[in-house]
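Enquirer: Below: one structure in structure tokens.
Values in this text are rule-based calculations from the coordinates and carry no lab data. Note that the coordinates shown come from a computational prediction; the quantities given were computed from them, not determined experimentally. Cβ coordinates were reconstructed from backbone atoms using ideal geometry, including for glycine residues, and neighbour counts include every protein chain displayed.
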Amino acid sequence: MKKSAMIAIAVVSTLGLIGSLVGQSNPRANEIQKWAVHDETRPMPSVVDPGPAGPPAPAPSDAVVLFDGTSLSQWMTAKGEPAKWKVENGYMEVAKGTGEIRTRSRFGDCQLHVEWASPAEVLGSSQSRGNSGVFLMGTYEVQVLDCYDNKTYADGMTASLYGQYPPLVNACRKPGEWQTYDIVFIAPRFDKAGQLVSPARMTVFWNGILAHNDQELTGPTAHMARPPYAVHADHLPIALQDHGNPVRFRNIWIRGL
Ligand code: MG
């Protein structure tokens, strides 16, 4: 065989390998094309009992503690004012109408641990039952919702990458019980011209159960839309959503990657 032919074969097989790796890295790529945003007919994942809630997970020694149960000093409003959510008994609680809160520090690639609880008193249905959200870079939402016996659209249920991907399972605990998210987030990359080089990716464990496996995002999460990526800074605050429901959070820590 000629040397040029061997090189050509090597190049083709390398491209093939890269192609298959890319294919493997986004196994749900076809799924996103199949379902319109908030499609009511999109199947819900099966219910898995995660077992009882444990005590708060200890923060590793190299983590930045964003909320230790006593103070909102690490958090601010969208306008940069002190966060106005309620703090009591080791948790913070959404104060309806005061708006989202954001970390004063900014993060890119990270491992984020969040514990939350939807209200024990069940009020409302679908998206108005225990709605909040964890926004990586203030832009990419992992939905917080009470999905215990609560019908809603699949891509807006608890632990969904909102408007894009339902979680692989419904591991929701009962209303009022503490639940955990352990999120690995890889920020999108943009070139100097502001063009997307690589999309954002998320791995999410919900109550210790895999909900997203290195999932590519289509762009920012949004209501009734799947907008394309828009260039942004490589480090941005984490945000928690005020959706009008008194959702509680405790023990939030992060490790930059
Ligand atoms: Mg939400």
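Enquirer: Select from PRO188, VAL247, PRO50 the residue farthest towards the positive end of the dipole of the chain; place +1 on Cβ of Lys and Arg, -1 on Cβ of Asp and Glu, and compute about the Cα centre.
Expert: The residue sitting farthest along the positive end of the dipole is PRO188.
Enquirer: Related question: Between SER105 and LYS84, 0.36 nm times their residue separation minus their Cα-Cα distance comes to what?
Expert: 5.8 nm
Enquirer: With labels modelled as points extended 7 Å from the Cα through the Cβ direction, what inter-label distance (nm, one decimal) is found for THR70 paired with LYS34?
Expert: It works out to 5.1 nm between the two label points.
Enquirer: Also, I was wondering about something else. Would you mind getting me the FRET efficiency between GLU177 and MET224? Use the beta-carbon distance for r and R0 = 41 Å, nearest 0.05.
Expert: Using R0 = 41 Å, I get an efficiency of 0.85.
Enquirer: On to the next question. Just report the Cα centroid separation between region 234-257 and region 183-209, whole Å.
Expert: Cα centres, region 234-257 to region 183-209: 16 Å.
Enquirer: Exceeding 25 Å between C-alpha atoms, which entries from my cross-link table qualify? They are LYS86/LYS174; LYS151/LYS174; LYS79/LYS192; LYS96/LYS151.
Expert: LYS79/LYS192
Enquirer: On a full-extension model of 0.36 nm per residue, what is the gain between VAL197 and ASN213, subtracting their alpha-carbon distance, rounded to one decimal in nm?
Expert: Using 0.36 nm per residue and subtracting the Cα-Cα distance, I get 3.7 nm.
Enquirer: I've got another one for you. About its Cα centre, how strong a charge dipole does region 3-256 have in debye, to the nearest 20, once Lys and Arg get +1 and Asp and Glu get -1 at the Cβ?
Expert: Value, rounded to 20: 460 debye.
Enquirer: Using helices alone, what [θ] at 222 nm do you get for the chain, with -39,500 (n - 2.57) per DSSP H run of 4 or more residues, divided over all residues and rounded to the nearest 500?
Expert: -3500 deg cm²/dmol
Enquirer: On a 0 to 90 degree scale, rounded to 10, what angle separates helix 3-25 from the longest Cα axis of the chain?
Expert: Tilt relative to the chain: about 20 degrees.
Enquirer: Next up: About the Cα centre of region 42-153, how large is the charge dipole given +1 on each Lys and Arg Cβ and -1 on each Asp and Glu Cβ? Please answer in debye to the nearest 20. Don't jump to the answer; show the numbers that get you there.
Expert: Details: 10 positive and 13 negative charges, 90 e Å.
Rounded to the nearest 20 debye, it is 440 debye.
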